[in-house]
Number of protein chains: 2
Amino acid sequence: MASLNSYVLDLAKKAKAASQVTASLPASKKNRVLLEVVRLLGRKKNALRRENEKDLRNARKKKLSPVLIDRLTLTPKRIEEMREGVRMVAGLHDPIGRVLAAWRRPNGLKISKVTVPLGVIFIIYESRPNVTSECASLCFKSGNAVILRGGSEAFYSNQILANIYKQALRKHRIPEASVSFVTDTDHRAIDLFLQLEDWLNLVIPRGGESLIRRVARRSRIPVIKHYKGVCHLYVDERADLKQALRVALNAKCQRPATCNAMETLLVHQKVAPRFLPELGRELKKARCEVRGDRKTRQFIPWAKLAGKGDYGKEFLDRILAVRVVPNLDTAIEHIQTFGSAHTDGILTRDRAAARRFVEEVDSSSVMVNASTRFSDGFQYGFGAEIGISTDKIHARGPMGLEGLTSYKYVVEGRGQTRE
Amino acid sequence: MASLNSYVLDLAKKAKAASQVTASLPASKKNRVLLEVVRLLGRKKNALRRENEKDLRNARKKKLSPVLIDRLTLTPKRIEEMREGVRMVAGLHDPIGRVLAAWRRPNGLKISKVTVPLGVIFIIYESRPNVTSECASLCFKSGNAVILRGGSEAFYSNQILANIYKQALRKHRIPEASVSFVTDTDHRAIDLFLQLEDWLNLVIPRGGESLIRRVARRSRIPVIKHYKGVCHLYVDERADLKQALRVALNAKCQRPATCNAMETLLVHQKVAPRFLPELGRELKKARCEVRGDRKTRQFIPWAKLAGKGDYGKEFLDRILAVRVVPNLDTAIEHIQTFGSAHTDGILTRDRAAARRFVEEVDSSSVMVNASTRFSDGFQYGFGAEIGISTDKIHARGPMGLEGLTSYKYVVEGRGQTRE
């Protein structure tokens, strides 16, 4: 444990020292490093696949599920996508050194609010190795140093990816510790990092709810996270029902395993008799299970009766909970009670109802007449996404580069003193 | 403990319910409530002083220091200042419902980023009763519910102040739990609140370093804070020495007990022979002790030799640590090593040196040719200050109303689905 302790502390200290260099790198230099990574990812394609094969062999030995093994696999196409991702990050505007606001005070002081990096970011994530490259490129572009702690299943793939970043950094004489990878797979290392508030500035856990809860509970460093996405759509009495049908099916079925897929549908009782039978037919075609209340089952007779835990549950699967509600108030109340403050939407032509819904539903993204599936950094036009936050402190909703920055006040005077 | 537990949980739940009402109050209504508070503070002046007298009697019995007793005392002048403070908050722009940015995506979706309140804010503070009114007015104006936990020395004063807010809320039919005051003085109540992450959104501890560290260590809710203000000024080789003298004296002596007062002065060795003797004379006149390194003592012979703990110490008193440095690099390094990331400044006519200092000093406020004493929400023109943050997550530096808000994304479509 003593040696693990000193390994962790050493890594954190080096990352902090590196962050003081990356903080003031010009955009052009950062982009050159990223383009070098793109080049190396291409040149080392075969080595990458060899290392990935080691992970895959272990995964097969451990009899991981086919879904997990698929997520773990680095195909040539996925390597190309990874390169494209880094190229895109290189093409984004530099988020650092932007003047967010500037004003002059009556005494002549000029005050500017200027963006700066956060410092050192610790990212804990599970199996997909492309997350390694995504996180490294975004943190580096935003002037931060990053410490990556990937899942043990992707150990070899992650390590070679981190080494490719290190090689690109070395070539441009930037401290390699700007991108660090935790090679000690001892789980206790995570807990040790989470205590280092003097060296680390932010923790981002990406993965299942239990991982995230564990990190949040133990960390002394601020954590940005969402536990889960229990997204709702509410079909209002004044919805365009044809549109509502299309949007609801998209929100549930386009990619059911994502955090912004719909999990519960609320339907106003006035439109339920017209809306639900057709929805039922379409869901049946899509092989989507329905768990509804008694009223729902009047119109979708094959639906199961929703149990206690079905509302507020993140199925991440072809299962939809449905409830018929008497009015907008009940819909909002349901979302406040069972939602996870991720993404919730209303389908309506009634502007007053939409306004009330938008004001009273306290979620990081609120949709009006659009699929919940749009809640995503790329769909919002950020060009990148490091995660989605349901917290209210710092970044909220889909987080791009901006969420990886802070600011400082720069005050310029001519010798002013305070009286 | 069971009854304390249910007292705390009940208070938190009621505050959360209240916050759902305050979140969407129109500005005009919030301002009317605040002006009613101003009126009541005037009408209940005598009752206020009577309750304050109870606290003062206890304080004298406990033999609190004259400084603490002074801070505790509500004079007629201070009550007037408190009223003026609430009136000013009523006059500030509503920070809620502001559209921070809005754009349209190629698929026609309109995305807006709109400010919202944080929810429930828990504030823990020490003796000054005017903090009660300051915090209550700022949290209410920003649409948040607040739970106030003041020091036991000001118990009676705080309670009547909270009751005045409740009376004003009642008059306008807003839930009284929008402003709650913890009447159970059991210290364990604080720890219980700090666990309630599902009900509370932010904790702001205001007080001494040990209180703040204790809260930060135990809280499962995000905490915004600064542990201490170890502020530096660096007199560069190209400083205007006359100006530097005025600014340094102001930063140290104008109000030494504040967190933005200078604690350590760094002087470039080239100007030390001209600058330090005169500084020494002025500090002597101001009865300010000097603790310097050997070089400092060449020019201020009566200075004490600085001990190990003097650099990086928050004296909050008429004591100044001084160090002669060979160059700008050493000055920056000193600040990075010993500073608290609160406020640090450079005095120079050299633009390149100023630029490097501003870039490399990682503090929440960086001053160029101005006193550190300006680091303050009022001096920055925010019209209010809830505290100063040296964290990098969420608000940094002096925090006004804006720091008490978050945002949500509102996405408006015409039935768009994701392909």
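FYI, it's all coordinate maths here, none of it is from the lab. Everything quoted here is computed from the prediction, not taken from an experiment. As a convention, Cβ positions derive from the backbone with ideal geometry for all residues, glycine included, and neighbour counts pool all protein chains shown.
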note = At R0 = 56 Å the Cβ-Cβ FRET efficiency linking A:Leu316 and B:Arg318, nearest 0.05, sits at 0.35
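In debye to the nearest 20, how big a dipole does segment B:231-374 give about its Cα centre with +1 on each Lys and Arg Cβ and -1 on each Asp and Glu Cβ?
Values: 25 positive and 18 negative charges, 148 e Å.
Rounded to the nearest 20 debye, it is 700 debye.
Below 8 Å between Cα atoms, with a sequence gap of 6+, how large is the relative contact order for chain A in percent?
Contact order relative to length: 17 percent.
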key: Folded to 0 to 90 degrees: helix B:272-285 orientation relative to chain B principal axis, Cα   = 60 degrees
Gyration tensor (alpha-carbon) shape descriptor, chain B, a/c threshold 1.5 = oblate
task = Please turn the phi angles of segment A:116-129 into ³J(HN,Hα) values with the Karplus equation 6.51 cos²θ - 1.76 cosθ + 1.60 (θ = phi - 60°), one per residue in order, whole Hz, x for glycine and proline.
result = 9, x, 6, x, 10, 10, 10, 10, 10, 8, 9, 4, 4, x
message = Using only the alpha-carbon atoms, how far is helix B:209-218 inclined from the longest principal axis of chain B? Give it as 0 to 90 degrees, nearest 10.
response = 50 degrees
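Would you tell me the mean number of C-beta atoms belonging to other protein chains that fall within 10 Å of each C-beta in B:107-113, as a whole number?
Working: counts 3, 1, 9, 2, 7, 2, 3.
What the average comes to for B:107-113 is 4.
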ask   = Got the A:Ala2 label distances to the other copies yet, label 7 Å along Cα→Cβ, in nm, shortest first?
value = 4.7
ask   = Scaled to the compact-protein estimate 2.2 N^0.38 Å, what is the alpha-carbon radius of gyration of segment A:182-255, rounded to two decimal places?
value = 1.74
inquiry  = I need to check one value: relative contact order of segment B:155-240, counting alpha carbon pairs closer than 8 Å and at least 6 residues apart, in percent.
reply    = 21 percent
query = For labels at B:Thr75 and A:Glu81 in the simple 7 Å Cα→Cβ model, what's the distance in nm?
reply = 7.0 nm
note = Around A:Glu385 (Cβ within 10 Å, Cβ-to-Cβ, excluding A:Glu385; K/R +1, D/E -1) the net charge comes to -2
request  = Would you mind classifying segment B:231-374 by shape? Square roots of the alpha carbon gyration tensor eigenvalues, ordered a ≥ b ≥ c; an a/c under 1.5 is rounded, otherwise it is prolate if a/b is larger than b/c and oblate if not.
outcome  = rounded
Gaussian network model of chain B, springs between alpha carbon atoms under 10 Å - residue of B:Arg396, B:Arg318, B:Arg206 with greatest fluctuation = B:Arg318
task = Please tell me the relative contact order of segment B:231-374 in percent, rounded to the nearest whole number, where contacts are Cα pairs under 8 Å and at least six residues apart.
result = 34 percent
query = Put a point 7 Å out from Cα along the line to Cβ at B:Arg50; what are the distances to that point in the other copies, in nm, shortest first?
reply = 8.8
query = Roughly how many nanometres apart are two label points built 7 Å out from the Cα toward the Cβ at B:Arg218 and A:Gln298?
reply = 5.3 nm
Label point 7 Å beyond Cα along the C-beta direction, distances from B:Lys62 to other copies (nm, shortest first) = 5.5
request  = May I ask which residue of chain B has the beta-carbon nearest to the axis carrying chain B onto chain A, and at what distance in whole Å?
outcome  = B:His394, 2
note = Given a Förster distance of 51 Å, the FRET efficiency implied by the Cβ-Cβ spacing of B:Lys270 and A:Thr258, rounded to the nearest 0.05, works out to 0.25
ask   = Label-point separation (nm) for A:Leu4 and A:Lys29, each offset 7 Å from Cα along Cα-to-Cβ?
value = 3.7 nm
query = What's the local net charge at A:Lys30, with K and R +1, D and E -1, over the other residues with C-beta under 14 Å away?
reply = +4
query = Which of these, B:Val37, B:Val67, B:Val235, has the largest mean-square fluctuation under a Gaussian network model of chain B (Cα springs below 10 Å)?
reply = B:Val67
query = If you take the alpha carbon radius of gyration of the protein assembly as shown and divide it by 2.2 N^0.38 Å, what ratio comes out, to two decimals?
reply = 1.01
task = Just tell me how shielded A:403-409 is by partners: mean number of partner chain Cβ atoms within 10 Å of each residue's Cβ, no decimals.
result = 6
task = Taking the Cβ of B:Leu320 as the centre, find all other residues whose Cβ is under 10 Å away and add up their charges (Lys, Arg: +1; Asp, Glu: -1).
result = -1
task = Looking at the protein assembly as shown, send over the antiparallel percent of its DSSP beta bridges, to the nearest 5.
result = 25 percent
inquiry  = Give me the inter-chain shielding for A:37-48: mean count of other chain Cβ atoms within 10 Å, whole number please.
reply    = 0
remark   = Taking Cα atoms only, helix A:2-22 is inclined relative to the longest principal axis of chain A by an angle, in degrees rounded to 10, of 80 degrees
